[in-house]
Amino acid sequence: MTLYSVLDFGAKGDAKTDNAAAIQKTIDTCSGNGGGRVVFPAGHQFLTGPFKLKSFVELYVERGAKIIANPDESVYTESAFRENRAEGTIWIGGDDAENISITGGGEIDGQGHLFMEKELPAIYKLKPITDFDPRPHLLTLIGCKNVTIKDVILSNAAYWCVHLVGCEDVVVHGIRILNGLKVPNCDGIDPDHSRNVRISDCYIESGDDCICPKTRREYAEYGPCENITVTGCTLISTSCAIKLGSENMDAIRNMVVDSCIISSSNRGIGIQNRDEGCVENVIFSNCIIESRFFDNIWWGKSEPIYVTSIPRNTDASPYRFPNNDKQTEVGKVKNIRFNNIICKSENGVYIKGCSDARPENILFENVQVEIKKWTKHDGGVYDQRPTAIDGLVKRETCGFLIDEAEQITLKNCSVQWGTNPPDYYGHAIESHKVDGLKIQNFSGTSAFPGNKAAFALGGKNISFD
């Protein structure tokens, strides 16, 4: 393999000089010569503005080396979402490249806190923006094929960290994403209209969603997001650790999540459908989830598992709607499996549909839910944001709360309550407007078995085995 050191092309690893031109020259030369390894040597910190990866290039950040984002907002000029200029910019990018990789064990630091206005108790306050938000996404790959991101540290993203747009055949393995837990919008990994993506053995902590497949409207031509696997990951999020949606104008389908640990998150696993796209054929298995309450500014109310398909709020950005018309139908959520899940949370499992989009064919098998209160934040609430109906909904906490859905099965599931339950704790299972609820070999009572029944079931075609 041919090696190209950025130092040989004029880069200064002094943490002060902007090396974007030298880095781009190294990448262009490497790619133009048929490919090889672009090396960032250990012992140096390479400050840089935006640059682009090219085909057949391995970006190799040695252990002890660091690439750091230039904090000068004026160098970030390319929107991350094309004509939509209000949701960040591109720092490290790549367009229609193939056979590219980022490896080496070193660190790529987005210096996200330098793009914030100030730190508040629960979140960083954003700087005022008009039509353009200069906060850089750390890595944005668009229309790329045969991508590998392995054994590196990605840290302190100012906006999304890894955004994979219309990419095919992607391996993300053994990386650490260490984002600020107070930084808004700093998602970990977002496969967007991408296919055949394998995410494995990663550690991710992020103020926003850790892993979030979606289909954004700005990149509609790339089609569905499908054939995604997530295995062996450890996740911490101030929002939702694994979320499907909420931007979903096409389809998210054929996804498997297995052997993951979610801890200290505002929400564990979430399916959040708000647009016309569908979510289908998804399996979550062999996971441990710990979720807790946090500040209202972050979406989520400690739901360990959350499946919703409801209309989005009509005052959202016009880029959320087809033809900017502020109206859209809501797509189906169907064929979802939760197997062998242990949940410890301050809230229960929540399924919520609407008359036009009822979650369908959802199986919970060997799902254990333990509910107990341990934070100071108020409970007795579920979070439906972003939505045209009520956002934060005050109601009793149930082990499983199912509202407007079809063909729901609970098999070998259980609900347990902690000691000294608050008075807003309620039934083990509560349902409303459900058509086809099957409960098999269920274990558990209400939070107050002497005063409240274990089940409060509304709907039709309800059966027990």
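The values are calculated or read from the model by the stated rules, or taken from the named source; none is laboratory data. All values derive from a computational prediction rather than experimental measurement. In this analysis, Cβ positions are derived from the backbone assuming ideal geometry, glycine residues included, and neighbour counts consider all displayed protein chains. The protein model used for the area step is the full one, side chains on, heavy atoms only, and it has no ligands, DNA or RNA in it. Shrake-Rupley method; radii C 1.70, N 1.55, O 1.52, S 1.80 Å.
About the Cα centre of the stretch 83-150, what is the dipole size in debye to 20, counting +1 per Lys and Arg Cβ and -1 per Asp and Glu Cβ, all else neutral? Numbers along the way, then the final one.
Numbers: 7 positive and 11 negative charges, 42 e Å.
So the dipole magnitude of the stretch 83-150 works out to roughly 200 debye.
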* With a Förster radius of 25 Å, plug the Cβ-Cβ distance of Ser74 and Leu120 into 1/(1 + (r/R0)^6) and report the FRET value to the nearest 0.05. => 0.45
* **Dimensions in Å of the chain - Rg and Dmax from alpha carbons** => 22.7, 77
* Asked: So what is the accessible area of the stretch 1-109 per residue, in Å², with the probe set to 1.4 Å?
  -> 40
* Calculate, for the stretch 387-459, the solvent-accessible area per residue in square angstrom, rolling a 1.4 angstrom probe over the heavy atoms of the protein chains. => 44
* **Calculated Rg and Dmax of the stretch 314-367 using C-alpha coordinates, Å** => 15.8, 44
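Based on the Cβ-Cβ distance from Lys438 to Asp201, what FRET efficiency comes out when R0 is 51 Å, to the nearest 0.05? The partial results should precede the final answer.
Working: r = 36 Å, r/R0 = 0.70.
The computed FRET efficiency comes out at 0.90.
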* To do: Using label points projected 7 Å from each Cα along Cα→Cβ, tell me how many nm separate Ala15 and Ile261, to one decimal.
  => 3.2
* Structure fact -> Along the dipole axis of the chain (charges at Cβ: +1 for Lys and Arg, -1 for Asp and Glu; origin at the Cα centre), the most positive-end residue among Ala453, Ala69, Ser200 is Ala453
* **Area accessible to solvent at Lys150, 1.4 Å probe radius, in Å²** => 90
* Asked: Using the beta-carbon distance between Lys372 and Gln327 and R0 = 30 Å, what value does 1/(1 + (r/R0)^6) give for FRET efficiency, to the nearest 0.05?
  -> 0.10
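Considering only DSSP beta bridges with both partners in the stretch 280-428, what is the antiparallel share in %, to the nearest 5?
On the way: 4 of 41 bridges.
Antiparallel: roughly 10 percent of the beta bridges in the stretch 280-428.
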* Counting only protein heavy atoms and using a 1.4 Å probe, what share of the accessible area of the stretch 91-201 belongs to carbon plus sulfur, as a whole percent? -> 47
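Hey, could you grab the Kirkwood Rh for the stretch 124-190? Inverse mean 1/r over distinct alpha carbon pairs, Å, one decimal. Can you show the working numbers first?
On the way: mean 1/r = 0.0771 Å⁻¹.
One decimal place: 13.0 Å for the Kirkwood radius.
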* Structure fact -> Dividing the alpha-carbon radius of gyration of the stretch 1-105 by 2.2 N^0.38 Å, where N counts its residues, gives 1.06
* Structure fact -> Expected field for Asp423, accessible surface area in Å² at 1.4 Å probe radius, rounded to 10, holds 130
* Asked: In nm², what is the average projected area of the convex hull enclosing the Cα atoms of the stretch 240-385?
  -> 8.4
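If Rh is defined by the Kirkwood formula over all Cα pairs and Rg also comes from Cα, what ratio Rg/Rh do you get for the stretch 58-103?
On the way: Rg = 13.4 Å, Rh = 12.9 Å.
Over the Cα atoms of the stretch 58-103, Rg/Rh equals 1.04.
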* To do: Mind giving me the nanometre distance, one decimal, between the label points for Ile389 and Phe132, set 7 Å out from Cα along Cα→Cβ?
  => 4.1
* Structure fact -> Expressed in angstrom, Rg and Dmax over the Cα atoms of the stretch 221-325 are 14.5, 42
* If each Cα of the stretch 191-235 is one equal point scatterer, what is log10 of I(q)/I(0) from the Debye formula at q = 0.18, 0.19 Å⁻¹? -> -0.59, -0.64
* Asked: Taking the radius of gyration and the Kirkwood hydrodynamic radius from Cα positions alone, what is the Rg/Rh ratio for the stretch 389-465, to two decimal places?
  -> 0.98
* Residue by residue, what Karplus-based ³J(HN,Hα) values in Hz, rounded to whole numbers, does the stretch 359-372 have, using 6.51, -1.76 and 1.60 with θ = phi - 60° and x for Gly and Pro? -> x, 9, 6, 10, 10, 10, 10, 6, 9, 10, 10, 10, 10, 8
